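The block underneath contains the structure these notes are about, expressed in C-alpha cells.
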Amino acid sequence: MTGSLGRGLTPYGLRCDHRAEPLGVDEPAPLLSWRLASGRRGDAPAGLRVRVRADDGAPVWDTGAVADPSAVSVRYRGPALRPRTRYRWTVTVTDAAGAASREESWFETGMLSPAAWSAVWITHDPSVQDVMDAPEEGELALADHGLQPAVRLRKAFEAAAAPVAARLYVTARGLYETRLNGARVGDAELAPGWTDYRDRVDYQVYDVTDLVRTGANMLAATVADGWWSGFAGFDERRAGAHYGTFPQLLAELHLVHADGSADVVATGDDWQSARSPFRYADLLKGECHDLRRETPGWDLPSGGRDGAGWRPAWVAATDRSRLTASVAPPVRAVRELPARSVARVSGDRFLVDFGQNFAGRVRLTARGLTPGGRVVVRHGEALDEAGALYTANLRTADATDVLIAGEDAEAVFEPRFTYHGFRYAEVTGLSSLAAADVTGVVLHSDTPWAGDFTCSDPDVDRLHQAISWGQRSNFVSVPTDCPQRDERLGWLADAQVFLPTACLNADVAAFFDGWLREVRGAQSPDGAFGNVAPKIAGVADEGAPGWGDAGVLVPWHLYRVYGDERFLERNLDAMCAWVDHVHRHNPDLVWTRRTGPHFADWLAPAPTPRDVLATAYFARSAALTARAAEILGADEAAARYGALAAHVRKTFAERFVSPDGRVSGDTQTAYLLALAFELLPGELVPGAVRRLAELVEEAGPGLTTGFLGVGLIAPVLDAHGRADLAHALLRRTDPPSWLYPLRHGATTVWERWDGYTPERGFQAAAMNSFNHYALGSVGEWLYRGVAGLDQAPGSAGYRDLLIRPRPGGLTEASARYESVRGLVSTAWTRRDGVFDLRVAVPPGATATVHIPTDDPGGVRESGIPVADAPGVSVAGTARRELRCRTGSGEYRFTAPLQ
Ligand code: RAM
C-alpha cells in the first residue's frame, strides 16, 4: 500500500489529462494531476508548486507557491505549447511543517494543429483486381463476405545519422499495424479505434527512436477494414456502407537530429502498396491469414523477395481537418488466459475452454501443417445441449478465423485485425492440439484498474468478478453493449447505467473523455443526443429517454468522480441543447413526444409506463444541467435549468403521484426513478419507499427492473433505510437475480435475466448476449454499500468521503479504490460481537464514518475510546450507529455488536 506508516506526505501517480506520460497531447491547456500518500494521520498539503520545463531543462511555466490544501491538479496556463515537444514537469507538495516532497513526470505534445500535417491518405489502388483474390485450383472457396484483402504499404528511406528522437504520428481509416525495420511499432491493438470517421479520425504517436538505423530503413504498415469499411453494428449491410469503402493509411515519421533539424517521412505517392496475405480481416466476420502469400522480409530495408505485387501507392483525397490526437488509452492485449481444457471432438476437431467469457482472440501453435491446409477457429460463449459450440446468438457475426498453411509445418496463429467475444473455441484442421499450444489473448481499452472488492460470500465475489469481466470485455475502444454478436455498439444507456460501477473498477476518465466526443458528435442539429455513439447508420438518430440522457448523466458523473470541471465545460452546451430539445417538443413538461425509439426500462420483467419514465429522466437531465451550469458559474443557465427542473418535478408529482406516494405504473422502476431523481415532495417519500419495499417483498424478495432501474435498486433501498432488502436481492439465486446466471455457468453478466434456464434452454437467439454489462450495474453498491466506500453527496473528486458499510448478513467485506486524490480503502469484519472497521482516507480529504454498533459509548479507535482518539470527532449517534468525522490517515474502529 502506498504511504506506509512513518512516511511523510508524497505525491505519486502523476498524470497529464488523466494519462501517465502521454505522447501526443493536442490539448492546449492540459490538466496536470497527482495523488497523495502519507503515513501520518491528519496530513494535508499546505502548499503546492508545479513547474514545467522544456526537455533541455529551460523553464517554461511555474505556478509559484500555491496555498491550496485541497488541490491535486492544476491546469497548464503557461505560454502556448509547441508541437511535437516533450515537456517535463514536477509537482512539489509541502506539508504543514514545511517539509517538501517532489515527483516528476512528462508529457509530449502532438501535432497540435491539422495544418501541421503534410501526409496524405494512401492505399492500394482499389480498382486493381488482384490475381491473389481468386481461389486457387482445387481450393475450397473462402466465405464470400464481399471483403477485400487487407493492404500493405511501405516506404524505404535513408537516415544519414541515427536521430536523437524519432516519432511516428499515424492513423488509418480502418485499422493499422505499423512496422519499422521488421519490428512492430507500439503495442496498440485495433488502432486508431472507433470514431465517427466522417467527423474525426484519431491519431496515435509512438516513440520509435530505438528502431531507426543509420542508413537504409523500411517503414511499413498493414491496414484492414475495421469499423471504417468492414462490417459494424447489427445492420446486415455490405461492408463499407457505414463510413468508407477501403482502408487507408496516413502517417508521418519525424526524425529529429542533434542540431534540432528534422526529416519527415510522410505517406504519399512515393510509397508502395500491395495486397496483404490477410485475405480478409473483419471485426465481425473474422480474419483469414494465408501464409502461402506471405513475403518474408517485406518490412525490412532489403524489401524481401518479390511476389507481393508492389505498385505505387494510390493517393486518396485528404482532408486533414478531421485529424485529432486520441485522448483515450489504446486497446491492448492486456492479459492471457491459459486453456482450461482441450478436448478432441472428432478426427481433426478440438474444443477449447478458456473458463472465462472475454473479448479477444486465440493464439495457437499449429503443428503438422501441410501447404494449403487450413486451420479454422470458431468462437462461442456457450455449448449447446450436445456439448457443441453454440453460435446462434452471434447472429451474422461469423467470428471465424482461418489460417492457411504455407511451407512450414509449424506456425503460430493469432489474428491481428479482429476480436471476438467468447469462452469456447472450436479448432478444426489439426491432428493434435495440446492445452499448452492455445492461449486466450484478452483485449480491451487499457484503462488502469483502480478498484477491488471482496466479501465473505464467495458468490458475491464471483458476481464482482463477472461484472469486472463484463467491463473488460466491453470497453473496447468505446463502451459497447456486447462483444460477440453483430452489434457491439456504443449504446448510451448501457454506458450511463454502468458508469458508476466502471469508475470504481478502473480509471476510465480518459476513456470516457474520448467517448464523449463521439456522444457530442452524434448530437442532432435539434439538440437530440443519439442512441449510440459513435454514430452509425441503422440505429435511430434521436435518443430515447435514458439513452439520450446519457449525454448529461455521463459528464456529470465523471465530474463527481474525477473532480475535473472540464467534463462539464466541454459538455455543458450539448447538455443544454439536449434539455432544450426535449423541452421544445414537450412544452407541457410531460415527455411523450420525440422519444426516439423509446426503449422504456429495457428488458424489465415489469414494464414501467413510458411517460413516467421519460418525464423522470427529463427532470433529472434538467436538474443536472442546472448544477453543472452552477459549478461553472453560468448563473443564468443555472437559474433557467433549475427552474425548468423544478417545474418538471412538480408536473411529475401532479401527473403521476397520488397523495399517498403511489407512482403511476406502480413498478419498482417507477419508484426507483422517482426516489433516486428526487422527484417527490418530501411528505410523499415515506409512502413511496413503503410501496417500493412492498413490491420488492412481493416479488420474492426479488427485482422486476430492466436496464434503467437495475442500477438504482440497491442504492435507493439502502438510502431509504432498507439495506436489508438490497442484501436480500443481492444474494437471491432464483431468476431474476444476479446470482442465478452464476449458478448456471456464467462468468460474465448476461443481457437478460433468463438468458438460459435448465427448463427452457437458451433464450431466443435473436437477442441473447452472455456478456452485457448493463444488469451488472449493481457493482457500484458492492463498493459503496456493502464495503461502505463512498463520497459525500456534495463532494467531487473524493474530497469528502462517506464511509458507511452495510454488513447485512455478511461477516466481512473490503474495498480499495485509487481515487484521483489517493488511495481510499475500507475493510470490516464482524466477529465475536465486535464490528471492526479499518479505513484509509487520502491526504487532504475528510471522511464521515458510520460505525454500526449497539453501544455507541463502547466504540474505540485504535484501542482508545473514540471521544479521545486523535484526529477523530464524534458527530452524532443514530439508532444502532455512531457517526464520526476524520481527517486523512488510517483508522481502526472497533464497536460492540449484539
Ligand atoms: C440492444 C442492445 C443494448 C440496448 C438496446 C436498446 O440491442 O444490446 O444493450 O441498449 O438494444
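Taking a ≥ b ≥ c as the square roots of the Cα gyration tensor eigenvalues, the range 737-837 comes out oblate, since a/c reaches at least 1.5 and a/b does not exceed b/c.
For the range 45-97 versus the range 728-769, the inter-centroid distance based on Cα atoms is 51 Å. Ordering PRO11, VAL508, PHE231 by the projection of their Cα atoms onto the charge dipole of the chain, which places +1 on the Cβ of Lys and Arg and -1 on the Cβ of Asp and Glu, puts PRO11 at the extreme positive end.
Alpha carbon centre of the range 162-220 versus the range 325-389: separation in Å? For the range 162-220 versus the range 325-389, the Cα centre distance is 28 Å. Approximating the spin labels as points 7 Å out from Cα along Cα→Cβ, the GLU636-to-VAL315 distance works out to 4.9 nm. Here's how it looks for ASP43: its modeled amide H is under 5 Å from those of SER888, which are all 5 or more places away or on a different chain. Between GLU158 and ASP854, the modelled label-to-label distance comes to 8.9 nm, taking each label 7 Å out from Cα in the direction of the beta carbon.
Note on ASP56/ASP199: beta-carbon distance plugged into 1/(1 + (r/R0)^6) with R0 of 45 Å gives a FRET efficiency of 0.75. ASP461 contributes about 40 Å² of solvent-accessible surface, heavy atoms of the protein only, 1.4 Å probe. In this Cβ point-charge picture (+1 for Lys and Arg, -1 for Asp and Glu), the range 527-664 has a dipole of about 240 debye about its Cα centre.
Farthest toward the positive end of the dipole of the chain, out of GLY721, VAL866, SER769, is the Cα of VAL866, where the dipole comes from beta carbon charges about the Cα centre. The calculated FRET efficiency for the pair ALA143 and ASP459, based on their C-beta separation and a Förster distance of 25 Å, comes to about 0.05.
Dipole magnitude for the chain: computed about the Cα centre from +1 point charges on Lys and Arg Cβ and -1 point charges on Asp and Glu Cβ, it is near 1460 debye. For GLY24, the residues whose modelled amide H falls within less than 5 Å of its own, excluding neighbours fewer than 5 places apart on the same chain, are GLU108, THR109, GLY110. Give me the net charge of LEU433's neighbourhood, meaning all other residues with Cβ under 12 Å from the Cβ of LEU433; Lys, Arg count +1, Asp, Glu -1. With Lys, Arg at +1 and Asp, Glu at -1, the net is 0.
With a simple spin-label model that places each label point 7 Å from the Cα along the Cα-to-Cβ direction, the separation between ALA434 and VAL685 comes to 6.5 nm.
Sorting ASP56, ASP800, ASP832, ASP452 by solvent-accessible area of protein heavy atoms yields ASP832, ASP56, ASP452, ASP800, largest first, with a 1.4 Å probe. Near GLU518, once Lys and Arg are set to +1 and Asp and Glu to -1 for all other residues with Cβ below 9 Å from its Cβ, the sum equals +2. Over the range 540-661, what percent of the accessible surface lies on carbon and sulfur atoms, probe 1.4 Å? C and S fraction of accessible area: 52 percent. Got a sec? Which residues in the range 53-89 would a label at SER113 touch, if it sits 7 Å along Cα→Cβ and we count backbone N under 19 Å? Residues 78-86 qualify, since their backbone N sits under 19 Å from the label point.
With a ≥ b ≥ c the root eigenvalues of the C-alpha gyration tensor of the range 114-328, is it rounded (a/c under 1.5), prolate (a/b larger than b/c) or oblate?
Since a/c reaches 1.5 but b/c is at least a/b, the shape of the range 114-328 is classed as oblate.
Can you pull the percent of the range 800-896's accessible area that's carbon plus sulfur, 1.4 Å probe, other chains left in place? Percent of accessible area from carbon and sulfur atoms in the range 800-896: 46.
Any idea of the accessible area per residue across the range 800-896, 1.4 Å probe, to the nearest Å²?
Solvent-accessible surface per residue comes out at 38 Å².
Calculated [222 nm] ellipticity per residue, helices only, for the chain: -6000 deg cm²/dmol; basis is -39500 (n - 2.57) per DSSP H run with n ≥ 4, divided by all residues, nearest 500. Here, P(r) means the percent of Cα pairs in each 20 Å bin from 0 to the largest distance; for the chain it is 14, 44, 35, 8, 0. Of all the stretches in the chain, which is the longest one without any exposed loop site, taking GluC sites (Glu not before Pro) in a DSSP loop (any state but H, G, I, E, B) with at most 15 other Cβ atoms within 10 Å? That gives 411-677 as the longest site-free run.
Only one residue of TYR390, ALA221, TYR562 has its Cα farthest out toward the positive end of the dipole of the chain, where Lys and Arg carry +1 and Asp and Glu -1 on Cβ, and that residue is TYR562.
Go through MET767, MET218 and list them by solvent-accessible area, largest first, probe radius 1.4 Å.
These residues rank, largest area first, as MET767, MET218.
Of the trypsin sites (Lys or Arg not before Pro) found in the range 72-124, the ones in coil according to DSSP and having at most 14 other Cβ atoms within 10 Å of their Cβ are ARG77. For the range 199-339, the Cβ-based charge dipole about the Cα centre amounts to some 440 debye (Lys, Arg positive; Asp, Glu negative; other atoms uncharged).
Overall form of the range 800-896: oblate. Here a/c, set by the Cα gyration tensor axes a ≥ b ≥ c, is 1.5 or more, and a/b is not larger than b/c. When a 1.4 Å probe is rolled over the protein heavy atoms, the share of accessible surface on the range 114-328 that falls to carbon and sulfur comes to 49 percent. Find how many whole Å separate the alpha carbon centroid of the range 808-884 from the alpha carbon centroid of the range 649-673. What the calculation gives is 36 Å, centre to centre. Protein heavy-atom accessible surface, 1.4 Å probe, per residue over the range 114-328: 37 Å². Residue separation of ALA540 and ASP207 scaled by 0.36 nm, minus their Cα-Cα distance, works out to 115.8 nm of gained length. Please state, as a whole number in µm²/s, the translational diffusion coefficient that the Stokes-Einstein equation yields for the range 332-445 at 20 °C and 1.002 mPa s, with Rh defined as the Kirkwood radius across alpha carbon pairs. For these conditions, the coefficient is 152 µm²/s.
Under a Cβ-Cβ cut-off of 12 Å, what is the net charge of the residues other than ASN217 that fall near it, where Lys and Arg count +1 and Asp and Glu count -1? Working shown, then result.
Details: positive: ARG154, LYS155, ARG179, ARG213; negative: GLU158, ASP263, ASP299.
Local charge sum for ASN217: +1.
The values are calculated or read from the model by the stated rules, or taken from the named source; none is laboratory data. A quick note: this is a predicted structure, and the numbers were derived from the prediction, not measured. For neighbour counting, all protein chains shown are included, and Cβ atoms are generated from backbone atoms with ideal geometry for every residue, glycine included. Surface accessibility is based on the protein's heavy atoms, side chains included, excluding ligands, DNA and RNA. Shrake-Rupley method; radii C 1.70, N 1.55, O 1.52, S 1.80 Å.
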